[in-house]
Amino acid sequence: MNVKGKVHKFGDNVDTDVIIPARYLNTASHKELAAHCMEDIDKEFVNKVADGDIMVATKNFGCGSSREHAPIAIKASGISCVIASSFARIFYRNSINIGLPILECPAAAEAIGEGDVVSVDFGTGVITDETTGEKFQAEPFPEFIQNIIAKGGLINSIK
């Protein structure tokens, strides 16, 4: 599986309360969650993001609470992949559970800039910044995780 999209770049310690503010947790609607994704850090994010875009951040992305709403809001907003230097472990697992591909690659997270066009090959873990021509190597997902993501999440892969 491969994706390609425009980058939306964030920094260190982007927590789940910034990804989807707690005041919106009273809905189960993925569309409604997506409408408020990242609004406390970038009010224009929902107007700028397009299907297939890629989110890049630096250290400790997804820290904070263990709510699955955060990766759901990101995925429902149209983001096809998140690349970061590191992820909070519960966010990492929640992302896989809901079928949001995420890759840890410190070099890519530091070098890739806002608005760059990036392609990702999940089978090999190769991240290519199409804007600069730079290539980065992330650890590819094992086949069973690729299967979970390809089927849209853990529940769908079990069915």
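The values are calculated or read from the model by the stated rules, or taken from the named source; none is laboratory data. Source: prediction; values computed, not measured. Neighbour counts run over all protein chains shown; Cβ positions are idealised from the backbone, glycine included. Side chains are part of the model used for accessible areas, which takes the heavy atoms of the whole protein and leaves out ligands, DNA and RNA. Shrake-Rupley method; radii C 1.70, N 1.55, O 1.52, S 1.80 Å.
With contacts taken as Cα pairs under 8 Å and at least 6 residues apart, region 1-134 reaches a relative contact order of 30 percent. Computed on region 1-44, with alpha-carbon pairs under 8 angstrom and 6+ residues apart, the relative contact order is 38 percent. Oblate is the label for the chain. Its Cα gyration tensor axes, ordered a ≥ b ≥ c, give a/c of at least 1.5 and b/c at or above a/b.
So, with a 1.4 angstrom probe, what is the percent of accessible area on the chain that is carbon and sulfur? Mind dumping the intermediate values first?
Numbers: 3770 of 7240 Å².
Here carbon and sulfur together make up 52 percent of the probe-accessible area.
This model, with +1 at the C-beta of Lys and Arg and -1 at the C-beta of Asp and Glu, gives region 49-159 a dipole about its Cα centre of some 660 debye. Only lysine pairs 8 or more places apart or on separate chains count here, and in the chain those with Cα atoms under 19 Å apart total 20. Quick one: grab the alpha carbon gyration tensor of region 11-98, order the square roots of its eigenvalues as a ≥ b ≥ c, and give me rounded if a/c is under 1.5, else prolate or oblate depending on whether a/b is larger than b/c. The shape class here is rounded. Relative contact order of region 90-130, taken over Cα pairs closer than 8 Å and 6 or more residues apart, is 25 percent. Build a GNM of the chain with springs between Cα atoms under 10 Å apart, and of 47, 94, 60 the one that fluctuates most is 47.
Ordering 112, 16, 137 by the projection of their Cα atoms onto the charge dipole of the chain, which places +1 on the Cβ of Lys and Arg and -1 on the Cβ of Asp and Glu, puts 16 at the extreme positive end. Taking a ≥ b ≥ c as the square roots of the eigenvalues of the alpha-carbon gyration tensor, region 14-62 is classed oblate because a/c is 1.5 or more while a/b is no larger than b/c.
Averaging Cα coordinates gives a centre for region 68-106 and one for region 22-57; these two points are 13 Å apart. Applied to region 79-84, the Karplus parametrisation 6.51 cos²θ - 1.76 cosθ + 1.60 on θ = phi - 60° returns per-residue 3J(HN,Hα) values of 5, 8, 6, 10, 10, 8 Hz, with x for Gly and Pro. What the chain shows is 46 Å² of accessible area per residue, with the surface traced by a 1.4 Å probe over protein heavy atoms.
Taking the inverse of the average 1/r across all pairs of different Cα atoms in region 71-159, what Kirkwood radius in Å do you get?
Details: mean 1/r = 0.0746 Å⁻¹.
After inverting the pairwise mean of 1/r, the radius is 13.4 Å.
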